[in-house]
1. Hey, which lysines would be in cross-link range of K55, C-alpha to C-alpha under 21 Å, not counting anything within fewer than 8 residues on its own chain?
2. If I take R0 = 25 Å and measure r between the Cβ atoms of D36 and K63 in this structure, what FRET efficiency does the formula 1/(1 + (r/R0)^6) give, to the nearest 0.05?
3. Taking H placed 1.01 Å from N in the peptide plane, check which residues at least 5 places from R3 or on another chain put their amide H under 5 Å from its amide H.
4. Only helical DSSP H runs with n ≥ 4 go in: add -39500 (n - 2.57) per run for the chain, normalise by residue count and round the 222 nm mean residue ellipticity to 500 deg cm²/dmol.
5. Express in nm, to one decimal, how much length is gained between Y51 and S91 on full extension, taking 0.36 nm for each residue of separation and deducting their alpha carbon distance.
6. What is the Cα centroid distance between the stretch 61-137 and the stretch 1-52, reported in whole angstrom?
7. Hull surface divided by four, with the convex hull built on the Cα atoms of the chain: how many nm²?
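Any read-out appearing in this document is the output of simple, stated calculations on the displayed coordinates, not a laboratory observation. The model shown is predicted, which means the values in this text are computed figures rather than measured ones. Cβ placement follows ideal geometry from the backbone for every residue including glycine, while neighbour counts extend to all protein chains displayed.
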Amino acid sequence: MKRVFIDANLLVAVMNKEYPLFSDTARVLSLGNRSDYGLFTSPVCLAIAFYFAEKKSGTSLAKKKLKLILEHIKVTTLGDKTVRQALNNASIHDVEDGIQYYSALASSCNFIVTEDKDDFYFSNLLVMSCKELLNYI
């Protein structure tokens, strides 16, 4: 099974129906219904997505959207080790991106899917955009 880490910007796009990214993001999230792909994200990504969805749609609808997403995606764990790895890696300048990266590694993800590929310049995992992942599969 291919394990795919979904970055916050994809969750924000799908929860807020942000076009043109919404269509590709929705297709990527639909991979969670397949047996050959597992989708993962971190609690931090979920919190970021909820924050922006709540601003646009209100608390109740944002919670409903998040619950729907969680039917297709697994949540990674974050702890002391993940945060310290991000802080101790001198090549990582944005701690939030480092936390996402080490969270993906701890969950044995094969890919990180993001629309901000440059944020993961330090990654040893394959980093792809939505379009790149959809072309890959």
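1. Cα-Cα hits under 21 Å: K17, K63, K64, K65, K67.
2. Values: r = 30 Å, r/R0 = 1.21.
E(calc), rounded to 0.05, equals 0.25.
3. Distant-sequence amide H within range of R3: G38, N110, F111.
4. Numbers: 7 runs with 71 residues, N = 137.
The per-residue figure over the chain is -15500 deg cm²/dmol.
5. Working: separation 40, 0.36 × 40 = 14.40 nm, distance 2.82 nm.
Length gained, Y51 through S91: 11.6 nm.
6. Here the two parts' Cα centres lie 10 Å apart.
7. Numbers: hull surface 31.2 nm².
Convex hull of Cα atoms, orientation-averaged projection: 7.8 nm².
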